[in-house]
1. If the requirement is being open to solvent by 30 Å² or more (accessible area, probe 1.4 Å), modelled with pLDDT of 80 or more and not β-branched (Val, Ile, Thr), which of these qualifies: 192, 121, 110, 200?
2. Which residues, taken from segment 193-208, are closer than 21 Å to residue 163 by Cβ and among the small types (Gly, Ala, Ser)?
3. Could you grab me the full set of residues in segment 226-266 that are within 24 Å of residue 205 (Cβ to Cβ) and part of a strand (DSSP E or B)?
4. Enumerate the pairs (first residue in segment 28-42 and at pLDDT below 85 and open to solvent by 70 Å² or more (accessible area, probe 1.4 Å); second residue anywhere and in a loop (DSSP other than H, G, I, E, B) and not aliphatic (A, V, I, L, M)) with beta-carbon separation below 6 Å, excluding pairs fewer than 6 apart on the same chain, so at least 6 apart or on different chains.
5. Give segment 1-49 a look and list any residue that's within 20 Å of residue 129 (Cβ to Cβ) and assigned to a loop (DSSP other than H, G, I, E, B), or say none.
6. Could you tell me which numbered condition residue 282 fails, if it satisfies all but one of (1) under 30 Å from residue 303 (Cβ atoms); (2) surrounded by fewer than 16 Cβ atoms within 10 Å (Cβ to Cβ); (3) over 34 Å from the mean Cα position of the chain (by Cα)?
7. Quick test of your reading of the structure: residue 269 fulfils all but one of (1) part of a loop (DSSP other than H, G, I, E, B); (2) under 30 Å from residue 163 (Cβ atoms). Name the failing condition by number.
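The values are calculated or read from the model by the stated rules, or taken from the named source; none is laboratory data. Quick caveat, the model's predicted, so the values are computed rather than measured. All Cβ positions, glycine included, derive from the backbone under ideal geometry; neighbour counts span all protein chains shown. Calculation scope for accessible area: heavy atoms of the full protein, side chains included, ligands and nucleic acids excluded. Shrake-Rupley method; radii C 1.70, N 1.55, O 1.52, S 1.80 Å.
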Amino acid sequence: MSKRDYYEVLGVTKAASADEIKKAFRKLAVQYHPDKQGGDEDKFKEVNEAYEVLKDQQKRQRYDQFGHAGVGGASGGGGGGNPFEGFGGFDGQNVHFDFGDGGLGDIFGQFFGGGGQGRSQQARRGNDVETSVTLDFEEAVFGVEKTLKLDMQDECSHCHGERAEPGTGMKTCETCKGSGQISKVMNTMFGQIQQSVVCQACEGRGRIPEQICTVCKGRGTERRTQDIKLKIPAGIDDGATVRLRERGEAIAGGARGDLYVHIRVKAHKKFTREGDLILSEEHIDMVEAALGVEIDVETVDGTVRMKVPAGTQSGTDFKLSAHGVPRGAHRGAHIVSIIVDTPVKLNKKQKELLEQFKSSKKRSLFS
């Protein structure tokens, strides 16, 4: 089966910038993460593979020129050749095959030293959780701390995740006799193969509660509302995602999932933003433009007095340094675009003055 075009996988064009590629990858990685409900391991691997190539400028250039062959992978599945070519031989040392088929990978892992139980145990973690938070423009510029209220699985307050009723002990699992594993016979292309898998009764622990917890019914977790403090850094962008490791849902005998917080920033009535620049417009009349004027400019830091020199044309930009968006130790500028308003209604006196100005300007040209 042919590989899909990497740009198609990420949903971007070949002209996409590095930031656009990164943003597309983050969105799809969260969507397809295999440890979250509704995830897709195959698509997650495909997205990750595409990003590993396109984020690297040299690899991206080779891929644009030669396709998948230019980055170490032919685009076709092919019918011949060694299917394990490129692994450097069969010495049985740290060789891992992930076929993604729910069985063969574990079998080959055992043959070559990988083992099946380690992967299953490692995969025991709570569900990832996604949420979003909306910020005001100024909160995104300067950073803010928010408290999120999330209803999700947390460690049982009664048994503290032990699954047993407090005061009672644990006993040897009768299913696996305390080994944490059971033998399973699988039918494969090589015939019947006996494989050791994690015991589902005790989830690989080898011991089960003598009496299950009366609150969580032996799950080790209970659903409740949690207050989670989130520190949002200064200069965060609209559409960014903050990841809090192990702040997602709890699971008995495993690590918590992760919490992904998607950032939304409200539009400002006066300001717009480009990277670390803040942009705004100020209107003056044509007399002020001709003679020069000082105006009060609204910034995220408050009102700043700015001088507009005589003869300023409409559309001229002025820079207020260090009044933009912080980026670490650096802070961007605030760009003010001057718009010169032309009057649409003039009284008789104003018209006479403009006619006099027009006449004097003509005389100066020919005098």
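1. From the options 192, 121, 110, 200, the qualifying one is 200.
2. Of everything in segment 193-208, those that are closer than 21 Å to residue 163 by Cβ and among the small types (Gly, Ala, Ser) turn out to be 201, 204, 206.
3. 255
4. 37/127
5. Of everything in segment 1-49, those that are within 20 Å of residue 129 (Cβ to Cβ) and assigned to a loop (DSSP other than H, G, I, E, B) turn out to be 33, 34, 35, 36, 37, 38, 39, 40.
6. (2)
7. (2)
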